[in-house]
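The values are calculated or read from the model by the stated rules, or taken from the named source; none is laboratory data. This is a predicted model, so every value here is computed, not measured. Ideal geometry is used to build each Cβ from the backbone, glycine not excepted, and the neighbour counts take in all protein chains shown. Surface areas here come from the heavy atoms of the whole protein model, side chains and all, with no ligands, DNA or RNA. Shrake-Rupley method; radii C 1.70, N 1.55, O 1.52, S 1.80 Å.
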Amino acid sequence: MSGNIQQTGQVRKAPENFLDAQGVRAVFAEAGKGRRDFIRNAFAAAVAGTATSSALAQPRPAVGDGDPAILNLPAHSTGLGQPVVTDGYGKPSKYEANVQRRQSPGLTPTAQASVSFAPLQSLFGIVTPSGLHFERHHQGWWDIDPSKHRLMVNGMVKAPKVFTLDELMRLPSVSRFHFIECGANTGMEWGNVAVPTAQYTHGMLSCSEFTGVPLITLLEMAGADLKGERFVLAEGADGSSMTRTIPMSLIRSGEVLVAYGQNGEMLRPEQGYPLRLVVPGVQGVSWVKYLRRIELGDQPYGTKDENVHYVDLMPDGQHRQYTSIQECKSVVTTPSGGQMLLDKGFYNITGLAWSGRGKVKRVDVSVDGGRNWRTARLESPVLSKCLTRFNIDWVWDGTPAIIQSRAMDDTGYVQPSYKQLRAVRGTRSIYHNNAIQSWQVQANGEVANVQLS
Ligand SMILES: Nc1nc2c(c(=O)[nH]1)N[C@H]1C(S)=C(S)[C@@H](COP(=O)(O)O)O[C@H]1N2
Ligand SMILES: [Mo]
């Protein structure tokens, strides 16, 4: 990883001239140039707050003979290493300490209703490490005692049920990889506020392997009518009383899970320990955490929460309600805003693509602001309603470039430009922005967030 290589001073060809985490800090304050000043100042303040002593770039390694990093044997090659970590939970290297989820300084901090963003620009592959999973809490998070937690299944069912966690964990389980994206992800860009990094533009997005029981199994056990026009109300046990309607048409496929596992271990408290709903392809708010109740009804519930949050204001002044499926979208994560290319030459352009409707079929990448496109390599696995990693070669000639990615899913839907999106959705939305993202590489190597009209 580029940041790692800069920090540890190892010699490797392609990434050595690429600043990552430190570069983000170094150019952070600049990235908001020409935009609203308070945002820029807020980011500058946040940068100051997060900088560590190793914040600046390491010297370039000496080329050829005489590189002391090769010639002088370090202590770790001659001495005895640390003993095994017997009683502890493993942690990342201390050199990766700046890879963190972060709160956007562009958003007003409140006591408990808050968001933290995943550092997409520092991650590889498709799985988000659980400790870096984005967070969105409407009323703070809890570490709930699993022995006291219950899941009720009631409403229009023949035999209402109450499950303990132990009872749920005895049932047949499945494990599936899926992305979760908050409907507000990329929301600030609607207002043409260019937040500086991929973390803040797209970081309300994460992907995990979830393990749990298909919701359909529990409804069946409670004697529900599985064929009828039915709706489920999912309710959380936190103070926000998060309540969302999920149509039976989604549940019937067996995709919707009552999950207790995430990336091979129990859910993290921030992610809803001990139980959360997994609703593949659907916006994050429907993935109810601290799940305590499933009620079956014969029409959408239309709770307060559903009527005020995550609805889209359309150009004709009407609200588009129950906008649930996250449409096909992608973002280049390297090079991306706040990073810095130190030299012309070879770079691997990499990023993520996803669709709430199925699999990603193709990703095209442009380095000239959308005039020419080349098709990127999709790395396996390519899974349904899951992040897909793409890569493509690029030789930077040292002149300004605008890097974009455009994804297509297996329904044939193509990710729109801002112009195309605004033609349908207008300019007053906050939610469900899946437009093509542009990163501008300047002649000095700095990468900035720009919006092409
Ligand atoms: N009980 C409960 N469930 C909830 C929320 C919440 O505040 N309380 N937030 C929702 C929203 S808006 C999103 S985007 C996702 C965020 O999930 P995460 O914090 O695991 O990333 O959880 C959803 N489920
Ligand atoms: Mo959300």
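Before moving on, here are some points about what is shown:
- His133 long-range amide H proximity, modeled H, under 5 Å: none
- Selection among Asn154, Leu226, Ala237 by position relative to the dipole of the stretch 151-251 gives Leu226 as farthest towards the positive end (Cβ unit charges, Cα centre).
- Accessible area, probe 1.4 Å, largest first, for residues Ile246, Ile402, Ile430: Ile430, Ile402, Ile246
- Inter-centroid distance (Cα atoms) of the stretch 116-176 relative to the stretch 252-326, Å: 12
- With each label modelled as a point 7 angstrom along the Cα→C-beta vector, the Asp166-Met152 pair spans 2.2 nm.
- For Arg293, the residues whose amide H sits under 5 Å from its own are Met152, Glu235, ignoring neighbours fewer than 5 places away on the same chain, with H placed 1.01 Å from N.
- When the listed pairs Lys289/Lys359; Lys227/Lys359; Lys329/Lys359; Lys158/Lys227; Lys227/Lys304; Lys161/Lys304 are checked against a 19 Å cut-off, the alpha-carbon distance exceeds it for Lys289/Lys359; Lys227/Lys359; Lys227/Lys304; Lys161/Lys304.
- Sparsely packed trypsin sites (Lys or Arg not before Pro) within the stretch 187-275, loop by DSSP, other Cβ within 10 Å at most 11: Lys227
- With θ taken as phi - 60° and the Karplus curve 6.51 cos²θ - 1.76 cosθ + 1.60 applied, the whole-hertz 3J(HN,Hα) list for the stretch 135-146 is 10, 9, 10, 7, 8, x, 10, 9, 10, 7, 5, x Hz, x standing for glycine and proline.
- 3J(HN,Hα) along the stretch 72-81, derived from phi through the Karplus expression 6.51 cos²θ - 1.76 cosθ + 1.60 where θ = phi - 60°, amounts to 8, 5, x, 4, 6, 8, 10, x, 8, x Hz, with x in place of Gly and Pro.
- Estimated distance in nm for a label pair at Leu452 and Phe124, the labels positioned 7 Å out from Cα along Cα-to-Cβ: 3.0
- Total charge dipole magnitude, the stretch 339-432, about the Cα centre, Cβ charges on Lys, Arg, Asp, Glu only, Debye to nearest 20: 520
- Ordered from largest to smallest accessible area (heavy atoms of protein chains, 1.4 Å probe), the residues Tyr431, Tyr95 come out as Tyr95, Tyr431.
- Gain in span if fully extended, Tyr95 to Ala159, counting 0.36 nm per residue against the direct Cα distance: 17.6 nm
- Cα-Cα pairs of the stretch 115-320 separated by more than 27 Å (percent): 30
- Loop sites in the stretch 113-213: trypsin sites (Lys or Arg not before Pro), DSSP, at most 11 other Cβ within 10 Å: Lys158, Arg170
- Residues Trp439, Trp141, ordered by accessible area of protein heavy atoms at a 1.4 angstrom probe radius and largest first, appear as Trp141, Trp439.
- Calculated over the stretch 126-217: convex hull of Cα atoms, volume per residue (Å³): 165
- Cα-based convex hull volume of the stretch 216-287 per residue, rounded to whole Å³: 101
- One way to sum up the overall shape of the stretch 353-453 is the equivalent ellipsoid from its Cα gyration tensor, whose semi-axes run 23, 20, 11 Å, largest first.
- For Lys361, the residues whose modelled amide H falls within less than 5 Å of its own, excluding neighbours fewer than 5 places apart on the same chain, are Met408, Asp409, Asp410.
- For the stretch 318-453, the share of accessible area belonging to carbon and sulfur comes to 51 percent (1.4 Å probe, ligands and nucleic acids excluded).
- Residue separation of Leu73 and Thr303 scaled by 0.36 nm, minus their Cα-Cα distance, works out to 76.3 nm of gained length.
- Inter-label distance for Leu107 and Leu342, nm, one decimal - labels placed 7 Å from Cα along Cα-to-Cβ: 3.4
- Accessible area per residue was computed with a 1.4 Å probe on protein heavy atoms; Ser324 scores about 40 Å².
- A simple charge model with +1 on the Cβ of Lys and Arg, -1 on the Cβ of Asp and Glu and nothing else charged puts the dipole of the stretch 115-320 at about 400 debye relative to its Cα centre.
- With contacts taken as Cα pairs under 8 Å and at least 6 residues apart, the stretch 296-355 reaches a relative contact order of 27 percent.
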